[in-house]
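The values are calculated or read from the model by the stated rules, or taken from the named source; none is laboratory data. Treat the numbers as computed from the prediction; the structure is a model and nothing was measured. Quick reminder, even Gly has a Cβ in these numbers, built from the backbone with ideal geometry, and neighbours come from all protein chains shown. Surface accessibility is based on the protein's heavy atoms, side chains included, excluding ligands, DNA and RNA. Shrake-Rupley method; radii C 1.70, N 1.55, O 1.52, S 1.80 Å.
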Amino acid sequence: MKAITLTPLVEGSVSLEDIAEPDPASGSVLVQTVAVGVCGTDIEIISGQYGWAPPGSEKLVLGHESIGKVLEAPEGSGLAKGDLVVGIVRRPDPVPCYSCAVGEWDNCHNGMYSEHGIKELDGFMRERYRADVSALVKVDPGLGKLGVLLEPTTIVAKAWEDVNKIGNRSHWEPKTALITGAGPVGLLAALLGRQAGLEVHVIDQVTSGIKPELVSMIGATYHSVDMKEALSEPDIIIECTGVPALVFEATQQVGTGGVVCLTGVSSTGHTTDIDVGAWNRDLVLSNKAIVGSVNANRRHYEAASEALSKAPREFLEKMITKSVAFTDYKEAFNHGTADVKVVIDFSDV
Ligand code: BGC
């Protein structure tokens, strides 16, 4: 069968190649891949900056944002032929640490977790894969291929859970949220903020195109101005760009008692002079909280699934700005500035 593979940390090594059928030892459920989304992490892996091959292998199958169809599942497993499923990206570490031991692998403490398509486990950009029932999430059949948006939604479901848990450290009545970046993660963060009844503002650089339209489709407000001009002292900021200047500004602009959640993985090597004393003084005197948030556990997959089922369908459809056949995979990695989510289609070829 065909798979999109690469040699981690080797730029330009991505290719479409024939690999063996999935090993039955890798799980009792056989899944046919329908579509796989491309995200910033994939682009980093392709450009040789990130990624780990499975132990004993030089190559890694790419892809962690998947939607697939069950081909075979054990009787009584809760899954049956034809069900739509998403593979959970991160698997617990083998020790396991106290978080992985209770299914909170997203907060793994020893770093020995693995991630499909990213760290030591083959990903989903292959025609078929096998997984255990515990590593799969059943998706609302009504979503169809749009289920490919589930994984990025899990990231923001976790971010919102973190924000709410931290905000509720004392009596809290948040009204406004600012989201930085109208990429897939920012738009999905805005969707969940609107579903929670908040006034949501999204900032991004572009002034036209699909992004402002998508933001208004969910009843949020789009701005292509500075954070400060967009909204003064929001209760919540979800930072989805990883751009160092915005990360720092978010911690300054959030309102008293507010929460800043950082979800963007920045590149390293950006240094700046800051008055740490003034910054710390403001954080302390205003009871501000900053939290970094990565990955998602099953609880977040369930919350994300519910959020997508309630979302306006047209919004989800329009988020996917490009869909390419896996044979044309190279086109999917040339992400244009007008693109929101690009997906690689494995079902029709
Ligand atoms: C994925 C997460 C993963 C993170 C770090 C993100 O792109 O969505 O599941 O934990 O990268 O590897």
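So for segment 49-56 (the condition being open to solvent by 30 Å² or more (accessible area, probe 1.4 Å), in contact with a Leu (Cβ under 8 Å, 6 or more places away or on another chain), of a type in the set (A, V, I, L, M, F, W, C) and within 16 Å of the ligand (Cβ to nearest atom)), does at least one residue qualify?
Within segment 49-56, one or more residues are open to solvent by 30 Å² or more (accessible area, probe 1.4 Å), in contact with a Leu (Cβ under 8 Å, 6 or more places away or on another chain), of a type in the set (A, V, I, L, M, F, W, C) and within 16 Å of the ligand (Cβ to nearest atom).
Consider only pairs whose beta carbons are under 6 Å apart and that are at least six residues apart or on different chains; among these, list those whose first residue lies in segment 124-150 and is at negative phi and whose second residue is open to solvent by 40 Å² or more (accessible area, probe 1.4 Å).
These pairs meet every condition: GLU127/LYS2; ARG128/GLN32; ARG130/SER26; ASP140/SER309.
Provide a single number: the residues in segment 9-31 that are open to solvent by 60 Å² or more (accessible area, probe 1.4 Å), of a type outside the set (D, E, K, R) and more than 16 Å from the ligand (Cβ to nearest atom). Before the answer, list the steps.
Residues of segment 9-31 open to solvent by 60 Å² or more (accessible area, probe 1.4 Å): 9-12, 18, 20-21, 23-25.
Subsequent filtering for residues that are of a type outside the set (D, E, K, R) retains 9-10, 12, 20, 24-25.
Next cut, more than 16 Å from the ligand (Cβ to nearest atom) only: 10, 12, 20, 24-25.
Qualifying residue count for the region: 5.
For segment 58-70, which positions are over 14 Å from the mean Cα position of the chain (by Cα) and either without any contact (Cβ under 8 Å) to a residue 12 or more places away in the chain or within 14 Å of the ligand (Cβ to nearest atom) (or both)?
Answer for segment 58-70, where residues must be over 14 Å from the mean Cα position of the chain (by Cα) and either without any contact (Cβ under 8 Å) to a residue 12 or more places away in the chain or within 14 Å of the ligand (Cβ to nearest atom) (or both): LEU60, LEU62.
I'm trying to understand the selection: among the residues of segment 322-341, which are of a type in the set (Lys, Arg), farther than 18 Å from LEU149 by Cβ and surrounded by 17 or more Cβ atoms within 10 Å (Cβ to Cβ)?
First, the residues of segment 322-341 that are of a type in the set (Lys, Arg): 322, 330, 341.
With the extra rule that they be farther than 18 Å from LEU149 by Cβ, the set shrinks to 330.
Listed by number, the list is empty, since nothing qualifies.
Just to verify a result, which residue in segment 251-271, among those that are of a type outside the set (S, T, N, Q) and closer than 14 Å to GLY186 by Cα, is farthest from the ligand (Cβ to nearest atom)? Can you show your working first?
Taking segment 251-271 and keeping what is of a type outside the set (S, T, N, Q), we get 254-255, 257-262, 264-265, 269-270.
Pick out the ones that are also closer than 14 Å to GLY186 by Cα and you get 260-262, 264-265.
Numbers: VAL260: 19, CYS261: 15, LEU262: 13, GLY264: 10, VAL265: 6 Å.
The residue in question is VAL260.
Just to check your reading of the model, which residue among VAL163, VAL133 is of a type in the set (A, V, I, L, M, F, W, C), out of contact with any Asp or Glu (no Cβ under 8 Å at 6 or more places or on another chain), modelled with pLDDT of 95 or more and open to solvent by 10 Å² or more (accessible area, probe 1.4 Å)? Before the answer, list the steps.
Values: VAL163 fails: open to solvent by 10 Å² or more (accessible area, probe 1.4 Å).
Of VAL163, VAL133, the one residue that is of a type in the set (A, V, I, L, M, F, W, C), out of contact with any Asp or Glu (no Cβ under 8 Å at 6 or more places or on another chain), modelled with pLDDT of 95 or more and open to solvent by 10 Å² or more (accessible area, probe 1.4 Å) is VAL133.
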